[in-house]
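Everything below concerns the one structure shown next.
The values are calculated or read from the model by the stated rules, or taken from the named source; none is laboratory data. Treat the numbers as computed from the prediction; the structure is a model and nothing was measured. Reconstructed Cβ throughout: ideal geometry from the backbone, glycine too, with neighbour counts over all protein chains shown. All accessible areas refer to the heavy atoms of the entire protein, side chains included, with ligands and DNA or RNA removed. Shrake-Rupley method; radii C 1.70, N 1.55, O 1.52, S 1.80 Å.
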Amino acid sequence: GVNFGWRPREGTHAYNGGSKPAGAVDPVYELSHDDGNCAITGGYMYRGGAIRGFAGNYVFGDFCKGRLLAMKGSSVRDLGLSVSQLGSFGEDASGELWVLSQAGGVYRLVPA
């Protein structure tokens with residue numbers, strides 16, 4: 001895989017005095033801790049059919065804030081959904097996405 005520079009870097013920032021390793025690739029998106037974010041919970045690319053026009057969006061979020069975000073290309077948008085203690089994502093055989101809360105519960109993304 002690609003070297004994103006972890007452990008000497010967190011995103012584009014030095015971590016514990018580290019510097020960018022040779023050949024490391026910068027992330028395409030970075031979420032600041034200034035707004036209460038603490039740890040990105042990586043997700044999945046939406047490949048389902050239940051949410052029209054949503055295919056190709058990468059869905060992810062932050063553990064502390066719990067808000068779900070979608071990224072397509074370099075555009076990121078807030079989905080207006082929150083999951084307390086966002087722990088993980090899953091994808092079913094139809095390409096529909098599921099979200100796991102470490103506070104309890106498994107949720108399926110569905111059209112509004």
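Which one, Gly53, Gly87, Gly43, has the greatest fluctuation when you compute a Gaussian network model over the chain with C-alpha springs under 10 angstrom?
Of Gly53, Gly87, Gly43, the most mobile in the Gaussian network model is Gly53.
Can you tell me the FRET efficiency between Val2 and Lys72 if r is taken as the Cβ-Cβ distance and R0 is 22 Å, rounded to the nearest 0.05? Please list the in-between numbers first.
Values: r = 20 Å, r/R0 = 0.89.
Once the sixth-power term is evaluated, E becomes 0.65.
Quick one: among Ala70, Ala50, Ala22, which has the greatest mean-square fluctuation in a GNM of the chain with alpha-carbon springs under 10 angstrom?
With Cα springs under 10 Å in the chain, the top fluctuation among Ala70, Ala50, Ala22 is at Ala22.
Among residues other than Asn37 whose Cβ falls under 15 Å from its Cβ, what is the net charge (Lys/Arg +1, Asp/Glu -1)?
Working: positive: Lys65, Arg67; negative: Glu10, Glu30, Asp34, Asp35, Asp62, Asp78.
Result for the local shell: -4.
Looking at the P(r) of the chain, how many percent of alpha-carbon pairs lie beyond 17 Å? Please list the in-between numbers first.
On the way: 3639 of 6216 pairs.
Roughly 59 percent, rounded to a whole number.
Averaged per residue, what accessible area in Å² does the chain show with a 1.4 Å probe, protein chains only?
Numbers: 6830 Å² over 112 residues.
It amounts to 61 Å² per residue over the chain.
Assuming R0 = 41 Å, can you tell me the calculated FRET efficiency for the pair Lys20 and Ser82, based on Cβ-Cβ distance, to the nearest 0.05? Kindly include the intermediate steps, with their values, before the conclusion.
Details: r = 33 Å, r/R0 = 0.81.
Efficiency computed from Cβ-Cβ geometry: 0.80.
Taking 0.36 nm per intervening residue step and subtracting the Cα-Cα distance, what contour gain separates Ser94 from Cys38 on full extension? Working shown, then result.
On the way: separation 56, 0.36 × 56 = 20.16 nm, distance 3.12 nm.
Going from the current span to full extension adds 17.0 nm.
Say a site is exposed when it is one of the trypsin sites (Lys or Arg not before Pro), sits in a DSSP loop, and has at most 14 other Cβ atoms within 10 Å; what is then the longest site-free stretch of the chain? Each step should come with its number before you reach the end.
On the way: sites that count: Arg47, Arg52.
Longest run free of exposed loop sites: 53-112.
Per residue, how big is the convex hull around the C-alpha atoms of region 61-112? Give it to me in cubic angstrom, could you? Walk me through the numbers on the way to the answer.
Details: hull volume 4.6 nm³, N = 52.
Measuring per residue, one finds 89 Å³ for the Cα hull of region 61-112.
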